[in-house]
Amino acid sequence: MKTRKRTTPVLQPQIIRKPKLQFEWAQTISDDQWETYRSAIQALRTAGVRFMLGGGFAMASYTGRWRNTKDIDLYITEKDRNKAVAALTHAGFADYFEQRPYERHWIYRSTRSGLIVDIIWGMANRRAKVDEHWFEAASEMSMRGEILHVVPMEEFLWCKLYILQRDHCDWTDVLNVLYAAGPRVDWNRLLWRLEEDVALLKSLLTLYGWLCPRRASELPEYIRQKLNLERVEIPKRQRRNRIRLLDSRGWFAAMLANKQPLEV
C-alpha cells in the first residue's frame with residue numbers, strides 16, 4: 001500500500017501579517033543567564049546559521065509574560081544542523097544527551113552553566129520541518145542589544161497543538177497566546193498549516209470557549225463555521241474559578257497581576 005505523499009499547497013494568505021511583539025519582560029532575565037544565551041546566539045551568527053527564537057522566548061514576545069524555564073529554543077533549517085552543533089561545541093556547550101538521552105531526529109540539546117540551548121529543525125512527531133515560510137513570516141525584535149527574529153505565531157501554535165502527552169502538555173501555552181494575542185492570529189495560515197489535523201484546533205478552541213467565554217466570543221465567525229464550533233454562551237456572572245479547576249498554580253495570564261511572570 002502506497003503512503004500518500006504530503007504536498008505543500010500555495011501559501012495562504014499570501015500577504016503575511018506580522019504581530020506586534022512585546023519585549024519589556026526581557027529585562028527580568030539575569031545578566032548571567034542572558035550572557036550564556038548571547039554566547040550561543042553569537043556562535044550561530046559567526047557560523048552563518050540563520051535562526052529564530054521559539055519556546056518561552058517566543059511566547060513572552062507574544063504575550064508579555066515571561067516564564068523562566070532555564071532554556072532557550074533556537075529554530076533553524078535542517079541543512080544548518082551540523083554547522084549549528086559545531087558552533088555551539090566550539091563555544092563550550094556540551095551535548096545534553098550525556099545527562100539525559102533525547103531523540104536526535106528533530107533537536108540538538110546542549111548545555112552550559114546549568115542552562116540549556118535547544119537547536120530545533122522539526123517536530124518530534126515528524127509532522128513537519130522548519131522551512132523558508134517560517135523565516136519569511138518571522139517577526140524582528142530588539143532585545144538587550146541584539147536584533148533577533150521570533151518564529152511566526154501560527155507556527156508556534158501549530159507545533160504546540162501536537163504536544164499533548166501524559167507527562168507534558170503545551171496547550172497551556174496555546175491558551176495563553178490566544179488570551180493575550182488572539183485577535184492577531186492569522187487563522188488562515190494556521191488552518192493551512194494544520195491541514196487534516198484541524199480537529200486539534202477545534203478541541204482547543206472548545207476548551208477555550210469554556211475557560212474564557214468572553215474572549216472566545218471574539219473569534220472570527222468564519223472560524224466558527226469552518227470548525228463547526230458551538231456558539232459560546234456568556235454567563236451573566238463569569239466563573240473565573242474555572243481556571244483553577246485545571247490547576248491552582250499561576251499558569252494562566254487571566255489569573256495574574258499585570259506583567260506578573262507565569263509560573264514554571
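Restricting attention to the range 161-172, does a residue exist that is among the aliphatic types (A, V, I, L, M), within 21 Å of THR206 (Cβ to Cβ) and surrounded by 18 or more Cβ atoms within 10 Å (Cβ to Cβ)? Even if it seems obvious, please write down each step before you answer.
Keep residues of the range 161-172 that are among the aliphatic types (A, V, I, L, M), which gives 161, 163-164.
Right, trim to within 21 Å of THR206 (Cβ to Cβ) and you get 161, 163-164.
Within this subset, residues satisfying the condition of being surrounded by 18 or more Cβ atoms within 10 Å (Cβ to Cβ) are 161.
Looking through the range 161-172, at least one residue is among the aliphatic types (A, V, I, L, M), within 21 Å of THR206 (Cβ to Cβ) and surrounded by 18 or more Cβ atoms within 10 Å (Cβ to Cβ).
Confirm whether ARG109 is more than 30 Å from ASP32 (Cβ to Cβ), of a type in the set (D, E, K, R) and not in a helix (DSSP H, G or I).
On the way: more than 30 Å from ASP32 (Cβ to Cβ): no; of a type in the set (D, E, K, R): yes; not in a helix (DSSP H, G or I): yes.
No, not satisfied.
Does any residue of the range 216-225 turn out to be buried (at least 16 other Cβ atoms within 10 Å of the Cβ), more than 22 Å from the chain's Cα centre (by Cα) and modelled with pLDDT under 95? Lay out the reasoning, then the answer.
In the first step, residues of the range 216-225 are kept if they are buried (at least 16 other Cβ atoms within 10 Å of the Cβ); the result is 216, 219, 223-224.
Filter once more, keeping what is more than 22 Å from the chain's Cα centre (by Cα): 224.
Narrowing the set further to residues that are modelled with pLDDT under 95 leaves 224.
Checked against the condition, which is being buried (at least 16 other Cβ atoms within 10 Å of the Cβ), more than 22 Å from the chain's Cα centre (by Cα) and modelled with pLDDT under 95, the range 216-225 yields at least one hit.
Can you find, within the range 73-85, the residue that is surrounded by the fewest Cβ atoms within 10 Å (Cβ to Cβ) among those that are over 21 Å from ASN125 (Cα atoms) and in contact with a helix residue (DSSP H, G or I) (Cβ under 9 Å, 6 or more places away or on another chain)?
For the range 73-85, the residue satisfying everything is LYS83.
Do we find a residue being crowded, with 19+ Cβ neighbours inside 10 Å, aliphatic (A, V, I, L, M) and over 30 Å from ARG184 (Cα atoms) anywhere in the range 45-52?
No, the range 45-52 has no match at all.
Can we say TYR208 is surrounded by fewer than 13 Cβ atoms within 10 Å (Cβ to Cβ) and modelled with pLDDT of 90 or more?
Numbers: surrounded by fewer than 13 Cβ atoms within 10 Å (Cβ to Cβ): no; modelled with pLDDT of 90 or more: yes.
So TYR208 fails the test.
From the residues in the range 125-146 that are more than 18 Å from ASP80 (Cα to Cα) and part of a strand (DSSP E or B), which one is farthest from the chain's Cα centre (by Cα)? First the steps, then the outcome.
To start, the set of residues in the range 125-146 that are more than 18 Å from ASP80 (Cα to Cα) comprises 125, 127, 137, 139-146.
Within this subset, residues satisfying the condition of being part of a strand (DSSP E or B) are 139-143, 146.
Details: SER139: 13, GLU140: 15, MET141: 16, SER142: 18, MET143: 18, GLU146: 20 Å.
Ranking the qualifying residues of the range 125-146, first place goes to GLU146.
Quick one: in the range 94-119, which of the residues that are without any contact (Cβ under 8 Å) to a residue 40 or more places away in the chain and among the hydroxyl-bearing types (Ser, Thr, Tyr) is farthest from ALA43 (Cα to Cα)?
Applying the first criterion (without any contact (Cβ under 8 Å) to a residue 40 or more places away in the chain) to the range 94-119 yields 94-109, 111.
Among the residues that remain, those that are also among the hydroxyl-bearing types (Ser, Thr, Tyr) are: 96, 102, 108, 111.
Numbers: TYR96: 18, TYR102: 23, TYR108: 15, THR111: 14 Å.
Result: TYR102.
Return yes or no: is GLU230 without any contact (Cβ under 8 Å) to a residue 40 or more places away in the chain, in contact with a Ser or Thr (Cβ under 9 Å, 6 or more places away or on another chain) and either more than 22 Å from ARG127 (Cα to Cα) or among the acidic types (Asp, Glu) (or both)? Steps first, please.
Values: without any contact (Cβ under 8 Å) to a residue 40 or more places away in the chain: yes; in contact with a Ser or Thr (Cβ under 9 Å, 6 or more places away or on another chain): yes; either more than 22 Å from ARG127 (Cα to Cα) or among the acidic types (Asp, Glu) (or both): yes.
Yes, satisfied.
List the helices (runs of 4 or more DSSP H) that sit entirely inside the range 147-252 and contain at least 1 residues that are closer than 18 Å to ALA60 by Cβ and out of contact with any Asp or Glu (no Cβ under 7 Å at 6 or more places or on another chain).
Values: elements: 153-161, 171-181, 187-194, 198-211, 213-216, 221-227, 242-246.
Per the criteria, 153-161, 171-181.
Find the residue count for the range 60-72, including only residues that are out of contact with any Phe, Trp or Tyr (no Cβ under 7 Å at 6 or more places or on another chain) and either of a type in the set (Val, Ile, Thr) or outside any loop (DSSP other than H, G, I, E, B) (or both).
So the count comes out to 4.
Any chance you could count how many residues in the range 253-264 are surrounded by fewer than 12 Cβ atoms within 10 Å (Cβ to Cβ) and in a helix (DSSP H, G or I)? Don't jump to the end; show me each part of the working.
Of the residues in the range 253-264, the ones surrounded by fewer than 12 Cβ atoms within 10 Å (Cβ to Cβ) are 257-258, 264.
The next check asks that each one be in a helix (DSSP H, G or I); those that pass are none.
Looking only at that region, the number is 0.
Within the range 240-247, is there a residue that is under 26 Å from GLU154 (Cβ atoms), out of contact with any helix residue (DSSP H, G or I) (no Cβ under 7 Å at 6 or more places or on another chain) and crowded, with 16+ Cβ neighbours inside 10 Å?
Checking the range 240-247: not a single residue is under 26 Å from GLU154 (Cβ atoms), out of contact with any helix residue (DSSP H, G or I) (no Cβ under 7 Å at 6 or more places or on another chain) and crowded, with 16+ Cβ neighbours inside 10 Å.
Please work out which one of (1) modelled with pLDDT of 95 or more; (2) surrounded by fewer than 13 Cβ atoms within 10 Å (Cβ to Cβ) is the condition ILE116 fails and give its number.
(2)
Looking only at the range 215-249, which residues are in contact with a Pro (Cβ under 8 Å, 6 or more places away or on another chain) and of a type outside the set (D, E, K, R)? Break it down into steps so the answer makes sense when it comes.
From the range 215-249, those in contact with a Pro (Cβ under 8 Å, 6 or more places away or on another chain) are 218, 232-235, 238; that's our starting set.
Within the range 215-249, VAL232, ILE234, PRO235, GLN238 qualify.
The values are calculated or read from the model by the stated rules, or taken from the named source; none is laboratory data. A quick note: this is a predicted structure, and the numbers were derived from the prediction, not measured. Using ideal geometry, Cβ is built from the backbone for each residue, glycine included, and neighbour counts are taken over all protein chains shown.
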